[in-house]
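Take a look at the structure set out below.
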Amino acid sequence: YYSHYESQPHAVFENRSAGLAWLETELSTLIAVTEQAQSQGLHETVWQICEALATFFSRRKHYRNWIKTFQIGLAAAQACEDRIAQARMLEALGLAYLNLRDFSTANRCHHQALDLERAAGHRIGETSALEGLGIAELATGDPDRAIGYFTRARDILQELGRPRGVALMGRRLGEAAKAAGRLTEAIELLNSASRFFGQADEPYHESRTLNELADAYLHSGRLDAAERALQ
């Protein structure tokens, strides 16, 4: 399934916007297919459909359908006794609850996911759970604990040779450093992440990083640099 689309990246959609637009149009059908597959015991198919929808939900924020779908996916992954799949479903649910500012539920999801990822020896998955825990700590006012989680995730990603993941954790660390008042460090981290996403043609992450960078510049009194980042 995945290898087909990796070998033919332009076989279906011209660009990201076209793909997202198709998913928006077909979302109700995809949810219905997921529910029907679950009712027929096609558990592996169910969680794989959910996994394929994860990025869409994180971009478009259909929270009710996001949570409903991934709860079905979690039950399917549990029926498969697949620890990594269970962790992926929990991480997606945790992200939804983070967006909804239900931090206690998000924490519970990500702690459960972290235990599953570690039990499975799935180190790349461990970084996703660590990131979620760091986001929750940052949102609830503990940037130092957040830095600890993000640093552990970045260290694993560096060991695994995942430069994109390292850049994502660099952005998270920049946000946390800014919240902790370590503005010089924050600016350095966010500049580095911004350059990576610009070179990688990832405008979503580049724009998010630039917003954080502008805020760091504002807090440090560098108004011209903040304006350039915002523009």
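The values are calculated or read from the model by the stated rules, or taken from the named source; none is laboratory data. What you see is a predicted model; the values in this text were computed from it and never measured. Virtual Cβ from ideal backbone geometry, glycine too; neighbours counted across all protein chains shown. For accessibility, only protein heavy atoms count, side chains too; no ligands or nucleic acids. Shrake-Rupley method; radii C 1.70, N 1.55, O 1.52, S 1.80 Å.
Consider Gln48 carefully, then state whether it is buried (at least 18 other Cβ atoms within 10 Å of the Cβ) and out of contact with any helix residue (DSSP H, G or I) (no Cβ under 7 Å at 6 or more places or on another chain).
The answer is yes for Gln48.
If you check Gly174 against the conditions, is it outside any helix (DSSP H, G or I) and closer than 18 Å to Gly148 by Cα?
In short, no.
What tally of residues in segment 141-186 results from selecting those that are more than 16 Å from the chain's Cα centre (by Cα) and either among the aromatic types (Phe, Trp, Tyr) or under 20 Å from Asp201 (Cα atoms) (or both)?
Number of matching residues: 1.
Check Ala177, Ala193, Ala225 and return the single one that is open to solvent by less than 90 Å² (accessible area, probe 1.4 Å), of a type outside the set (S, T, N, Q) and either over 18 Å from Arg154 (Cα atoms) or at pLDDT below 95 (or both).
One residue alone meets the criteria, Ala225.
Give me the pairs, please: first residue somewhere in segment 152-175 and without any contact (Cβ under 8 Å) to a residue 40 or more places away in the chain, second residue anywhere and among the hydroxyl-bearing types (Ser, Thr, Tyr) and surrounded by fewer than 23 Cβ atoms within 10 Å (Cβ to Cβ), beta-carbon distance under 6 Å, and either six or more positions apart or on two chains.
Hits for this filter: Gly170/Ser192.
I need the full set of residues from segment 13-45 which are surrounded by 15 or more Cβ atoms within 10 Å (Cβ to Cβ) and hydroxyl-bearing (Ser, Thr, Tyr), in order please.
Thr34, Thr45, listed by residue number.
Which residue is least open to solvent (accessible area, probe 1.4 Å), if the candidates are limited to segment 98-144 and must be of a type in the set (Ser, Thr, Tyr) and without any contact (Cβ under 8 Å) to a residue 24 or more places away in the chain? Can you show your working first?
Taking segment 98-144 first, the residues of a type in the set (Ser, Thr, Tyr) are 104-105, 127-128, 140.
Subset that is without any contact (Cβ under 8 Å) to a residue 24 or more places away in the chain: 104-105.
Values: Ser104: 82, Thr105: 23 Å².
The selected residue is Thr105.
Could you please find all residues in segment 199-217 being open to solvent by 20 Å² or more (accessible area, probe 1.4 Å) and more than 14 Å from Gln231 (Cβ to Cβ)?
If the condition is that a residue be open to solvent by 20 Å² or more (accessible area, probe 1.4 Å) and more than 14 Å from Gln231 (Cβ to Cβ), then Gln199, Ala200, Asp201, Glu202, Pro203, Tyr204, His205, Arg208, Glu212, Asp215 are the ones that fit.
Go through Glu137, Glu185, Glu227 for me and flag whichever is under 28 Å from Leu100 (Cβ atoms) and in a helix (DSSP H, G or I).
Unique residue meeting the criteria: Glu137.
Being assigned to a helix (DSSP H, G or I), closer than 21 Å to Ile31 by Cα, of a type in the set (D, E, K, R) and under 15 Å from the mean Cα position of the chain (by Cα) narrows it down to one of Glu126, Glu91, Glu131, so name that one.
Working: Glu126 fails: closer than 21 Å to Ile31 by Cα; Glu131 fails: closer than 21 Å to Ile31 by Cα.
Only one candidate qualifies: Glu91.
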